[in-house]
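First comes the structure, then the notes that go with it.
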Amino acid sequence: TFQNLREQAAVQLESKRSGRIEYRERPVESGLGFAALPPRSPGDVVLDFEGDPLFEPSRTLEYLFGVLTLDGAERRYRSLWAHDRAGERRALEEFVDLIHERLSRHPDLHVYPFGAYEPSAIKRLMGEYGTREAEVDDLLRRGIFVDLYTIFRQAIRAGVPSYSLKELEALVG
């Protein structure tokens, strides 16, 4: 732990001094970092949720399911919007149905969120609405979710205060 923190601090200090984001690739280890990425599938999906934590005092509304499909060289962004709880349920169902439809054509596909939030939210919504239980269970058992945050943290040390998408965006352009 100390060595990891020391390396992170050194890269952050170097970035501060140079005025640009510095980074260091970490040693390649089997099953970690970029070596943990599954082979590319034409059915792959990148997923990002946006939520309103103030929609209700006790619960966030997942108002946007952002879905980027990577069919060959063609990228297609699809937004599934929710303005209320009924819309949130429809967005969840549409997303789960979309993934299962793609799985029928691309059984090797993966869904790439940046962090554990999206898979957790999918499980939470499934339970709250009592919908698509078998389908979500199937997705989880197949292990289709690949957390890019974990991959990135294991692959490089970046001179940023946090490894949020907003911070890392400057690194990759």
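When nucleic acids and ligands are ignored and a 1.4 Å probe is applied, R59 ends up with an accessible area of around 40 Å². The angle separating the long axis of helix 117-129 from the principal Cα axis of greatest extent in the chain is about 20 degrees. The residues of the stretch 40-173 have, on average, 52 Å² of accessible surface per residue, using a 1.4 Å probe with all protein chains present.
Largest accessible area first, the residues E167, E22, E88, E128 order themselves as E128, E167, E22, E88 under a 1.4 Å probe with ligands, DNA and RNA left out.
Heavy-atom accessible area for T131, with the other protein chains in place and a 1.4 Å probe, reaches approximately 10 Å². May I ask for the angle, rounded to the nearest 10°, between helix 133-142 and the longest principal axis of the chain, with both axes built from Cα atoms and the value confined to 0 to 90°? That works out to roughly 30 degrees. Taking one quarter of the surface of the convex hull spanned by the alpha-carbon atoms of the chain gives a direction-averaged projected area of 12.1 nm².
Considered as an equivalent ellipsoid built on the Cα gyration tensor, the stretch 18-74 has semi-axes of 31, 22, 14 Å, the largest given first.
The values are calculated or read from the model by the stated rules, or taken from the named source; none is laboratory data. The model shown is predicted, which means the values in this text are computed figures rather than measured ones. Note: areas computed on protein heavy atoms with side chains; ligands, DNA, RNA excluded. Shrake-Rupley method; radii C 1.70, N 1.55, O 1.52, S 1.80 Å.
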